[in-house]
Structures are given as C-alpha cells and as structure tokens.
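Novice: First the structure, then my questions, so here it is.
What follows is calculated from the coordinates using simple rules that are stated; it is not laboratory data. Given the structure is predicted, the values throughout are model-derived calculations rather than measurements. Methodologically, a virtual Cβ is constructed for each residue, glycine included, from the backbone with ideal geometry; neighbour enumeration extends over all protein chains shown.
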Amino acid sequence: MFGSDKNKIFSEKRKDTERSLISETVSIDGTVNSSGSIDIAGLIKGPVHSQEVVIKDTGSISGEVEAEKVEIYGHLDGKISAENVVIGSTGVVKGDIEFSQNLRTEDGADIEGYIKKTASAGKKESRSAGDFLFSKSSEEKKSKKNGKPSSSVNKDSKEALV
C-alpha cells in the first residue's frame, strides 16, 4: 500500500527534476547527449545534443548545439539548431543560429554569425543535393584543369555545371 504510493510520488518528482548540471568546476572534452535538460555552468568542448540546453553566465561551449530549446547567458562558439532560442544580455554567440519557431535576444546580447529561420531546426535531417542550386562536380574540376570551360546539365542529379 505505502510502497506503491511512494513509488508514484518518486517517479513524478523524477519527471520534474530531469535536469543535469555541469557545474563551474567541470570541463568535458567530447560529445554530450541527454534526453532531458542540461544547465551548463562549466566548459564543454564538443557537440551538445539535448532536449533543452541552458548555458549559464559562467558556462561555455565550443561546438554545435542541437536542442528543442536553447538559452544562452554565457559563451557559445558553434552553430545552434533549435526550435526556440533565447540569447540573454550576457550571452555571446559566435556561430550561425538556425531556429524554427522563436528567437529572442535581450539588450546586450552579442551575436557574430548568420541567423536563419527554418522549417525544422533542432531535428536531425539529411541534406539532399536538391537543397543547393549549384554544386561543383568532378567533371567541372577536370575541365578547369584542362583549361576548357564547360557548361552542362546532369539530368540524373539535376545539377547545373557552369
């Protein structure tokens, strides 16, 4: 009787507190993956993939961040792919930002990179050749080496060679 109620309360509390903290004294060199939320007050060198990422004032990431929600009050040197992005007044971002729903910046936020609203940022997708209008092929590289410019269209891959 008491055991089942206790387990139910414990599991409900666990759902509310599925937050990890990387404290100021912690430095990680490598990929960080989490199915929950991560508060970063320390240093991470490598990509971070999580449900929610919050970089605290003392936190720093050198690498790509992919999450549903990203909040930055510290430093990020890398690309952001997320649905919602918040860059606080103390936040510094050196890299591109891709978001699909909302981007909010506070006065004082420092951003150096491109900002792009996409249909589905924060979710892993493979890019196809169709995403790019022009791409160089090995034929083009060969023609430039021979000194003869060529122009053709590859009907199979729909690439224009100029």
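Novice: Which members of the range 20-53 meet the condition of being part of a strand (DSSP E or B), touching a Gly at 6+ places or on another chain (Cβ under 8 Å) and aliphatic (A, V, I, L, M)?
Specialist: Once the filter is applied, which keeps residues that are part of a strand (DSSP E or B), touching a Gly at 6+ places or on another chain (Cβ under 8 Å) and aliphatic (A, V, I, L, M), the range 20-53 yields Ile22, Ile28, Val32, Ile40, Leu43, Ile44, Val48.
Novice: Considering only residues of the range 94-110 that are part of a strand (DSSP E or B) and acidic (Asp, Glu), which is farthest from Gly42 (Cα to Cα)?
Specialist: Our first condition is that a residue be part of a strand (DSSP E or B); within the range 94-110, this holds for 94, 97-105, 110.
Within this subset, residues satisfying the condition of being acidic (Asp, Glu) are 98, 110.
Details: Glu98: 24, Asp110: 20 Å.
If we take residues in the range 94-110 being part of a strand (DSSP E or B) and acidic (Asp, Glu), then Glu98 is farthest from Gly42 (Cα to Cα).
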